[in-house]
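To start, the structure itself, in structure tokens.
Read the figures in this text as sums done on the coordinates, not as results from a lab. Predicted, not measured: the structure shown is a model, and the values here were computed from it. Here the Cβ positions follow ideal geometry from the backbone for every residue, glycine too, while neighbour counts run over all protein chains shown.
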Amino acid sequence: MLSAERPSPATHSSFLPTPPGQGQRAVVVVGQRPGETERRLANLVGQVGWNSVRVLDEENIVWAATVHHPAAVIIVADADDWTVRTVRAVRAATQGVIVVVGRLDALRTVHILTVGADSVVTDDAPDAEILARLFALIRREPGTVEESTHYLQADGLTLDLRNREVTQAGDTVRLTSTEFRLLQLLMQEHGRTVPNQKIIARVWGGGAAEGINTLRIFIARLRRKLGDPATNPRLVASIRGHGYRFLPQVIELRTDGRDDPAPDAEPMSGLDAVERLAHSLAGCADTRTVSEAFVHFLVNGTTVDGVAVHRKVNRRLLLQAQYGLSPEWVRHATDLPITGGLAAGAALEASSELVVLDRGPRRFRDTARLLQDEGVASTLFLPFNFGPNAIGCVGVTRRTTGPWSARPLSVLRALTAVYGSQAAARTA
């Protein structure tokens, strides 16, 4: 029996990380028993900078899905009754459900989709395809607000998503954090009836039996503060037996319409970048053309100035492709011994990304020597899997100073993961 009760700390601490903070994404990966597929999918989610929550205990599936408010749940299918039961249990708590099966069977696929799954894919599908399906589900979800959206406006009502403030006709409306989340969800889903179960899961993460009464109380409080009578609603309508609907049209804005200008836009959003890269690499015949297309894409589609991709072979780094670096650099960096003074080697040894400012601290003397005439202010090294038992490192350079902010880093991680999977498919 699936349960929404929180397990004891001793039960869940070994596989459930701390729930992510605001602005991060979580994806719950569910398996009936430990296996290579669910482990691979959890690692894939982590590679794009999201929190992966692995659940291998049936009793904790609903608890994990509601507490972590995941962007999606990926279910590694097992017995049909368990798979169907799991889909139904998590459906209301997430934006998308992907079921991974060993083989496609038309009748089974139809049944899984009918009970609430959004997508069915085989376990041998390329990582890039699974990422594309995952991102597509999240992007199409009506309740998803673009990262650049800072305000929601409707009928004189303004929600400031950055400062968590609400104004109505210019006057401040004081809402609790729960009331704010409730109003934000309804406004994001404007014009659609939001089921009671979905509201409860997204706002409280609680069980449906006791949550509906709580929901009614909070709706009444919200209406009272907004001056919206239940008998003649102008903002929030009750759909008997189903849920609630926000009636006015909602506009998503980057500014509140006053004098402050919108911040500079990123060259490309994360979802668009991943999909465009996957599409551009699909027609490449071998690892060389995949690598060349990848580095050109990064320079033209992101904020980096130069890119180099190396593959580790024994204790050496072999250059696969580069763009934006000088012929002199290429001559010296085509075949590099891994030394203590090489930042890319340090990143590979630690299996962790590494940022080097200017030409690097004294301990990365070999990296400093390579970059001394390149005009580089900052270099980011991103290790990645290059097929079975093979690894590589992407180095991206910028000529501007300042730290690497979270959003460009997340995009670069996702693009590197897509490239790694495409290169691996042509290496095998």
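Peptides 171-177, 212-218 ranked from most to least packed give 212-218, 171-177, packing being the mean of other C-beta atoms within 10 angstrom over each peptide's residues. Ranked from largest, the principal axis spans of the Cα set of the range 281-367 equal 41, 30, 27 Å. A Cβ-based charge dipole, computed about the Cα centre of the range 271-352 with Lys and Arg at +1 and Asp and Glu at -1, lands at about 300 debye.
Rounded to the nearest 20 debye, the dipole magnitude of the range 270-427 is 340 debye, with +1 charges on Lys and Arg beta carbons, -1 on Asp and Glu beta carbons, and the Cα centre as origin. Residue exposure proxy: Cys284, Cys393, ordered by other Cβ atoms within 10 angstrom of their Cβ from fewest to most, comes out as Cys284, Cys393. Sorting Ile239, Ile130 by the number of Cβ atoms found within 10 Å of their own Cβ, with the fewest placed first, yields Ile239, Ile130.
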